[in-house]
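Heads up: the structure comes next, in structure tokens.
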Amino acid sequence: MNTRSRKKVSWVLQGITSTISTSMVLVLIGLVVLLSLTARVVADSVKENLTVTIVLDDDVQTAEAQSLRDSLNVKHYISSVEYISREQALQEQIESMGIDPSDFLGANPFSISMEIKVKPDYSSNDSLQWISKELRESKYVADVMYQKDLVESLNRNLHRASFFLLGIALLLVIISLSLINNTVRLSVFNHRFVIHTMKLVGAKWSFIRWPFLVRGFWIGIASALIADAVIFFGVHWAAVYDAGVLNYITQQNMVITAVSVLCIGLVLTVVCTFFSVTHCLNMRGSELY
């Protein structure tokens, strides 16, 4: 094998090595992005299960209660409304306690009530307070109840989890940037003599950079595609093991993750390549050895 063939093989092997190394880093970044998006879905799901109970006055008629329910359904902060009639409330009491209160009270003691679920953006105590105040303004409403301590504890824990995930994400981004930069820099550094020779014969820096930038571009694309394939395979395996995973890892989040990995891979490899080639161009002859 002549010298030119050996250099060509070396160039290809270095590209493969850089692609594999970059792919491994992008897998970590992609998992962090997917985990963050999934955590948001889980948090929203938990918040949507928070229930606000509206108890109506005893003298409210069924038609008036249904009219109130229809008006609540169009509120921008409400995701769902469950209407509970007097008869349904009595039946639920009988099933849970095993006794019928109407037998010794002589009448159904329950009022018409409704259980509403607010949208995730309105699940904080501050939002629920003004929602409760607005609901109480209705002439049909006797009381509005929700678990304030539970809401406060839930939001506090979700904020802590968000900051924890953000810290991990920042740490991994810093580590990933360092690893990709070192990988690209070593690859470019192996061609420092070629770069120096081209500089000596008068080639423009932009002309020297261009092949390396193109190579970095394709390495970024190949690495991102490999990383996306690994992540998609991992999600598919998890879904086969437990189909409930797909309730939280949505198709939209998978697309966002794939696009994020592709963009991050391209930006990091091209930018790192640009600065690595510029560093070699700034090196003097005595610094090449």
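The values are calculated or read from the model by the stated rules, or taken from the named source; none is laboratory data. A quick note: this is a predicted structure, and the numbers were derived from the prediction, not measured. Glycine gets a Cβ as well: all are built from the backbone with ideal geometry, and neighbour counts include every protein chain shown.
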Next on the checklist: If I go through the stretch 132-178 residue by residue, how many of them are over 28 Å from the mean Cα position of the chain (by Cα) and either aromatic (Phe, Trp, Tyr) or part of a helix (DSSP H, G or I) (or both)?
Outcome noted: 7
Checklist entry - Which one of these is among the β-branched types (Val, Ile, Thr), over 21 Å from PHE275 (Cα atoms), in contact with a helix residue (DSSP H, G or I) (Cβ under 6 Å, 6 or more places away or on another chain) and in the same structural domain as SER276 (by TED's automatic domain parsing): VAL230, VAL240, VAL201? => result VAL230
Item to check | Top-ranked residue in the stretch 40-64 [being among the aliphatic types (A, V, I, L, M) and outside any helix (DSSP H, G or I); ranked as surrounded by the fewest Cβ atoms within 10 Å (Cβ to Cβ)] | outcome: VAL55
Next on the checklist: Kindly evaluate SER67 against the criterion of being among the small types (Gly, Ala, Ser), loosely packed, with under 15 Cβ neighbours inside 10 Å, without any contact (Cβ under 8 Å) to a residue 60 or more places away in the chain and not in a helix (DSSP H, G or I).
Outcome noted: no
Checklist entry - Inside the stretch 28-72, can you point out the residues that are over 28 Å from ILE112 (Cβ atoms) and in contact with a Lys or Arg (Cβ under 9 Å, 6 or more places away or on another chain)? => result ASP44
Item to check | SER187 being in contact with a Ser or Thr (Cβ under 7 Å, 6 or more places away or on another chain), hydroxyl-bearing (Ser, Thr, Tyr) and assigned to a helix (DSSP H, G or I) | outcome: yes
Checklist outcome for this item: Of the listed residues (LEU179, LEU166, LEU170, LEU158), the one being crowded, with 16+ Cβ neighbours inside 10 Å, under 24 Å from ALA39 (Cα atoms) and not assigned by TED's automatic domain parsing to the domain that holds SER113 is LEU158
